[in-house]
Amino acid sequence: MSYKRVIITQFGGPEVLQVIEEEALPEPGPGEVRVKVLVTSACFTDTMIRKGKYPDVKEKPPFSPGYDMVGVVDKLGEGVTRPDLNVGQMVADLTVIGAYSEYICRPESRLVPVPDGLDPAEAVSLVLSYVTAHQMLHRSAKIRRGQRILVHGAGGAVGTAMLQLGNLLDLEMYGTASKSKHELVASLGATPIDYRSEDFSERIHRLTGDGVDAAFDPIGGDNFRRSFRSLRPGGVLVAYGFYNATMGKGGSIPFDFVRLQLWNILPNGRSTTFYSIGALREKQPDWFAADLAALFDLLAQGKIKPVIAQRMGLAEAARAHELIEQAAVKGKIVLIVSEQA
């Protein structure tokens, strides 16, 4: 039986993404599970991987991108013993690469069961974006109920997730976003700030008096400096990306890392930390499974509702990457891989 997948033919622009057909399904090895992928997503990290600029991926083209997925168990490899992994069970995983494919084989230890009745497109929106937001809030910043936060990219996938989770903690929230996303940001309970027309750090201090308890910054470069300046005494800057450097808009990834460490040494009463979902999962794999399961429960209860910008076919992956790089996406783009979704 053949199947289709999208591959990166060489590092470059969206045009390097190509749909190919494989002649035979992949076979699960010992301890592995073959999953029929229902949905994956298109995220900014996928575009970095496509360009060869993501340090955690050493793979060389051709290979399939795809950082997360939700699918159904299709075949169990030899020695798979988990009682919750039966054929037909819906499962999720943070794959990092490989999910732009109709079928994929994954180690049984990596799969998290998805409760019955959830929309696969909403479920996959939690795997990367909501786990990232949840872990930054609770495990990195250790935010307490009623505190103040600043969220950059507040209209994007991680930003909208963080605002929804922040509402559950009654947080006072401020979010930077382009003007076209301000209505969305405000609807999610945050005060929107136009980063293009005003200095967000000055605005934060005008609005709050002494700053925020935590700032969440994927931008890097000079943005880190202004985010750090936005903190009140005892506040923390959680950095989780280097958008400016990777997009050629200024900043240097090595220099940004050094600067974050230096700020921790200085006696200024504030601190910094860097968050990586992949690194934390490798260090604390049980946290990822527990946090994702808790988020699935919140979704089932209707306490969170992923903002899905578009649902597109897998063959439209290149177009999805174009939209992401144009910063034209409100929330998440979900790629529909199987008609079952």
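The values are calculated or read from the model by the stated rules, or taken from the named source; none is laboratory data. Worth saying up front: this structure is predicted, and the values here are computed from it rather than measured. As a convention, Cβ positions derive from the backbone with ideal geometry for all residues, glycine included, and neighbour counts pool all protein chains shown.
Okay, residues lined up against (1) of a type in the set (D, E, K, R); (2) over 16 Å from the mean Cα position of the chain (by Cα); (3) surrounded by 16 or more Cβ atoms within 10 Å (Cβ to Cβ):
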| site | (1), (2), (3) |
| --- | --- |
| MET48 | no, no, yes |
| ASP68 | yes, no, yes |
| ASP74 | yes, yes, yes |
| VAL80 | no, yes, yes |
| THR95 | no, no, yes |
| GLU102 | yes, yes, yes |
| GLY117 | no, yes, no |
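Out of the residues in the range 290-314 meeting the condition of being hydrophobic (A, V, I, L, M, F, W, C) and in a strand (DSSP E or B), tell me which one is farthest from ALA328 (Cα to Cα). Among those that are hydrophobic (A, V, I, L, M, F, W, C) and in a strand (DSSP E or B), it is MET312. Looking at (1) crowded, with 22+ Cβ neighbours inside 10 Å; (2) within 27 Å of MET1 (Cβ to Cβ), find the lone condition where VAL131 falls short. Going through (1) crowded, with 22+ Cβ neighbours inside 10 Å; (2) within 27 Å of MET1 (Cβ to Cβ) one by one, VAL131 breaks only (2).
Residue under question is GLN340, and the condition is that it be over 30 Å from PRO233 (Cα atoms), out of contact with any Cys (no Cβ under 8 Å at 6 or more places or on another chain) and assigned to a strand (DSSP E or B); does it hold? Against the criterion (over 30 Å from PRO233 (Cα atoms), out of contact with any Cys (no Cβ under 8 Å at 6 or more places or on another chain) and assigned to a strand (DSSP E or B)), GLN340 does not qualify. For the range 271-281, the criterion of being farther than 24 Å from THR95 by Cβ and without any contact (Cβ under 8 Å) to a residue 40 or more places away in the chain is met by at least one residue. The residue that is surrounded by the fewest Cβ atoms within 10 Å (Cβ to Cβ), counting only those in the range 262-286 that are part of a helix (DSSP H, G or I) and touching a helix residue (DSSP H, G or I) at 6+ places or on another chain (Cβ under 7 Å), is TRP263. The number of residues in the range 238-261 being surrounded by fewer than 18 Cβ atoms within 10 Å (Cβ to Cβ), at pLDDT 85 or above and in a loop (DSSP other than H, G, I, E, B) comes to 0.
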